[in-house]
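Here's the structure we're looking at; comments come further down.
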Amino acid sequence: MPQTVKLPVQKINGAHLANENDILASEEPLEIRLEYGTAGHRLQKTISVTMRTPGNDEELATGFLFTEGIIASNNEIDVLPKKITGDENVVILSLKPAVLINIDKLERHFYTSSSCGVCGKTSIDAIKTVCLLSHTTNDEQYPASLIHQLPAMARSRQNVFEQTGGLHAAALFDNKGDLLLIKEDVGRHNALDKLIGAAMLADMLPLNDHILFLSGRISFELIQKAAMAGIKIITAVGAPSSLAVETAISFDMTLIGFLRNKRFNIYSGAQRIVI
């Protein structure tokens with residue numbers, strides 16, 4: 001399934017009109033299913049239907065199930081995520097028969113969004129109940145010069161963004177600033193789930209000695225997903241929300257926003273950045 005599509009468009013330049021083709025990012029629904037239960041009583045449940053850019057769907061499913069606290073490690077997976085034959089928009093992940101899951105978690109209610117009227121402390125405490133990697137630490141210090149380089153390095157690998165200008169990216173750097181992984185998607189949370197899913201399948205977790213770069217703003221949900229993977233340093237081009245900052249402080253994360261044009265703001269964890 002293509003990541004881009006070509007569609008006709010009318011382009012206006014001043015008083016001039018031209019009929020041309022434009023390349024747009026693809027957006028399709030992905031249904032994520034979970035297979036679980038004892039050997040003699042296997043069940044399937046649809047966990048989520050998310051709008052995403054096709055590509056890395058198996059990693060997206062793995063990352064989503066992990067960052068939502070439904071699975072805890074590779075050891076729980078019996079069969080790696082795979083597409084349903086004949087349907088490119090359905091992925092199924094099979095758990096080992098011995099793995100017991102809490103069905104309530106499958107409804108994604110172990111935390112609530114800011115629109116639900118629940119205070120930030122309640123949301124943060126809910127994450128801690130399922131976050132197995134919250135104890136990870138990172139005592140290293142990183143020069144500001146390294147942080148400044150991240151946007152350009154990530155942008156150089158945003159292949160679909162270069163064609164469309166319409167995708168978010170999540171990139172993972174090592175502690176020396178080398179780019180290890182980058183994933184793109186129309187959804188910020190999907191891009192991060194793809195990244196964390198790829199890292200999980202490669203047995204890279206926890207990611208406490210890595211740097212995460214995000215191409216847009218920083219929401220509470222993105223901090224939550226990063227915390228699940230043990231990430232301690234998050235950088236982003238955009239601004240964080242107040243609850244994102246509160247969550248980063250709670251998990252001892254370094255949170256950097258407005259990273260562009262040799263400038264950035266440090267919202268938490270300034271001890272890790274050397275100016």
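No lab work stands behind these numbers, since they all come straight from the coordinates. Since this is a predicted model, take the numbers as computed values, not measurements. Here the Cβ is made from the backbone with ideal geometry for all residues, glycine too, and neighbour counts use every protein chain on show.
Figures for the structure shown
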{"read-out": "Antiparallel bridges, percent of DSSP beta bridges restricted to the chain (to nearest 5)", "value": "70"}
{"read-out": "Antiparallel DSSP beta bridges within segment 142-274, percent to nearest 5", "value": "60"}
{"read-out": "Sparse-neighbour loop sites [trypsin sites (Lys or Arg not before Pro); segment 123-223; at most 16 other C-beta within 10 Å; DSSP]", "value": "157, 176"}
{"read-out": "Label point distance in nm, residue 88-residue 38, each placed 7 Å from Cα along Cα→Cβ", "value": "4.1"}
{"read-out": "Within a Gaussian network of the chain (alpha carbon springs, distance under 10 Å), most fluctuating of 38, 53, 254", "value": "38"}
{"read-out": "The chain: calculated mean residue ellipticity at 222 nm from DSSP helix runs of at least 4, using -39500 (n - 2.57)", "value": "-8000 deg cm²/dmol"}
{"read-out": "Backbone HN-Hα couplings from phi across segment 2-15 [Karplus 6.51/-1.76/1.60, Hz, Gly and Pro as x]", "value": "x, 8, 9, 9, 9, 10, x, 8, 9, 9, 10, 10, x, 9"}
{"read-out": "Amide proton proximity set for residue 218, modelled H, under 5 Å, gap of 5+", "value": "239, 241"}
{"read-out": "Long-range amide H partners of residue 26 with built H, under 5 Å", "value": "4, 5"}
{"read-out": "Net charge dipole size for the chain [Lys, Arg +1 and Asp, Glu -1 on Cβ; Debye, nearest 20]", "value": "540"}
{"read-out": "Choice from 195, 167, 100 showing the highest fluctuation, given a GNM over the chain with Cα pairs closer than 10 Å", "value": "100"}
